[in-house]
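Read-outs: derived from the displayed coordinates by stated rules, not from any lab. Keep in mind that what you see is a predicted model, and the values were worked out from it rather than measured. Cβ coordinates were reconstructed from backbone atoms using ideal geometry, including for glycine residues, and neighbour counts include every protein chain displayed.
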Amino acid sequence: MEKNKNPDKADLERSLKPAGAYLDSLSGFADLLGTIRQAEDAANELIKETASGVAASKNADGKTVSGAAGEDSDEKTGGAAEGNNTEETAASSAESADDGRSLEELLTDLDALVGLEKIKDSVKSLINYVKVRKLREENELPNPPLSLHMVFTGNPGTGKTTVARILSGLYKAIGVLSKGQLIEVDRSGLVAGFVGQTAIKTSDVVKSALGGILFIDEAYSLAPDVGAGNDFGRESIETLLKLMEDNRNDLIVIVAGYSGPMLRFISSNPGLESRFNRYFVFEDYNSDELFSIFDGMCSKSEYILDEEAYEYAREFFSDLYSNRDENFGNARHVRNFFENIVSVHSDRVSKLEGYTREDLTTVLREDLEKAADM
């Protein structure tokens, strides 16, 4: 007998029930996903708050903390007492916390830097100006408006970061800044890749620098050439300008980079021109200064050049300075040369059947020649 091809209502309900149950399970699954996302968001917020708390605690203890951008960077090796002005490469965001040194100690460190005579004079003049302003305030005398934001121009390796670090301590010592830390960052630490995220990223970096100095290396990369399209660097600049105004009493911003691009950067926005009116020009080190930096590195690590090696080093740095180009690395080039010498010296000494203390400390001309070829 042929089955009825037109099912009754009860049959239809039975056939649809599994589908309804499936839809119900999808709805429940969606609710579950929503709950999971909420839990993840809450966990991320807790992690951020915990990290901020740890950073604040370390700041209070005067210890070094990580900056906001978090990129890797070369280790700073510039001890002022040894005459080593080696800078850190760009893209750093490490925070240098104030170590509580006195004004006199910090000025001694500044004086111990190789070269930079015009920079030293400018820094001392600026410090004196600020000190007198504070004295006028204490005596209820009026002061004209003051902007301490600065532009550092010059080639890499000319001591810009080193001077900025000393400045942060100097301003803390005379009471201009409450903490005296130095936050170093570049475009990657300020600019995000999505709409609305750059302002948040820039704000976080500025907050970490409050009470100290925010040092932005290669700042011109925030303002690309005309016709570059929609670039989030402009959003970072606008955010930065607002936060500089909101926190003008406890924040100093230093922008740094090559001379030509930095001048174009400042002129790209009226807000930048009005806030940055102090310019420090870091000139290339001459051959004698390059040798002095190198000699300081050798002395610090107890390496001694024999007579022929000494003469070769003098000639090397003279030729290096005379033939420099736009890619000249100044103190960074000296650092690389020194590290190559240490490597060559180690290879030579390791092959000796017996060695003396003199072997471990003496650098020969052949070591320098091989290092130069590297």
inquiry  = Kirkwood Rh over alpha-carbon pairs of the stretch 287-373, then Stokes-Einstein at 10 °C and 1.306 mPa s: what D in µm² s⁻¹, rounded to an integer?
reply    = 120 µm²/s
ask   = Dividing the Cα convex hull volume of the stretch 80-282 by residue count, how many Å³ per residue is that?
value = 113 Å³
task = Please sort by residue number the GluC sites (Glu not before Pro) in the stretch 281-374 whose DSSP state is loop and whose Cβ has at most 12 other Cβ atoms within 10 Å.
result = 302, 326, 353
inquiry  = With θ taken as phi - 60° and the coefficients 6.51, -1.76 and 1.60, list the Karplus ³J(HN,Hα) couplings across the stretch 167-181 in order, rounded to whole Hz; mark glycine and proline as x.
reply    = 4, 4, x, 4, 5, 5, 5, 9, x, 6, 10, 7, 10, x, 7
query = How much net charge surrounds residue 370 when only the other residues with a Cβ under 9 Å from the Cβ of residue 370 are counted, with Lys and Arg +1 and Asp and Glu -1?
reply = -4
